[in-house]
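Encoded as structure tokens, the structure appears first; notes follow it.
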Amino acid sequence: MRLALLALLLLAVGPKPARPSLELHVSPPFAFAPAVIDAWAKVTDPAGALACPEVVWTWGDGCSSKRAVPDCDPYALNPGELQEWTLIAPRHTYRLSGEYAVRLEVSDGKTALRASVLVRILATVGE
């Protein structure tokens, strides 16, 4: 009896929906100054929880860029369905040597995803 009640309770509650995830990548991860770095990210939202999020790239050298996900139509979204985006950052140039934390935040006001990766810029001769 208790086992049947527990099984009914589990069926009624159901499994938790998978949380959105964010993978951040940079290329190259190290270079000589001045260096141009490309960054991109993959956002996976299994339950369709993110609705037209804002994207903020922070480069670790005092610069940042902010924008919305392009071509996002909030009325075309289907909550509960898998959504995936690839976000391409504008190229960024590091003029000085050092280690910089590239950070990305994707947020729609209710759900926020954050990721960071380290970029190492090496000094050139004469710097």
Tell me, please, whether a residue that is at pLDDT 95 or above, of a type in the set (D, E, K, R) and outside any strand (DSSP E or B) can be found in the stretch 54-67.
yes
Per the list (1) modelled with pLDDT of 90 or more; (2) in a loop (DSSP other than H, G, I, E, B), residue check on Arg19 breaks on (1)
Lone unmet requirement of (1) under 11 Å from the mean Cα position of the chain (by Cα); (2) modelled with pLDDT under 85 for His25:
(2)
Residue count for the stretch 93-107, restricted to those that are within 15 Å of Ser21 (Cβ to Cβ) and surrounded by fewer than 19 Cβ atoms within 10 Å (Cβ to Cβ)
2
Those residues of the stretch 29-48 that are out of contact with any Leu (no Cβ under 8 Å at 6 or more places or on another chain) and loosely packed, with under 13 Cβ neighbours inside 10 Å come to a total of 1
Single unsatisfied condition, Leu87 versus (1) at pLDDT 80 or above; (2) exposed (fewer than 14 other Cβ atoms within 10 Å of the Cβ)
(2)
Here are some residues: Arg114, Arg103, Arg120, Arg95. Which one is at pLDDT 85 or above and touching a Pro at 6+ places or on another chain (Cβ under 6 Å)?
Arg95
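The values are calculated or read from the model by the stated rules, or taken from the named source; none is laboratory data. On a predicted model such as this, the values are computed, not experimentally measured, just so you know. Counting neighbours? That spans all protein chains shown, and the Cβs are built from the backbone with ideal geometry, glycine included.
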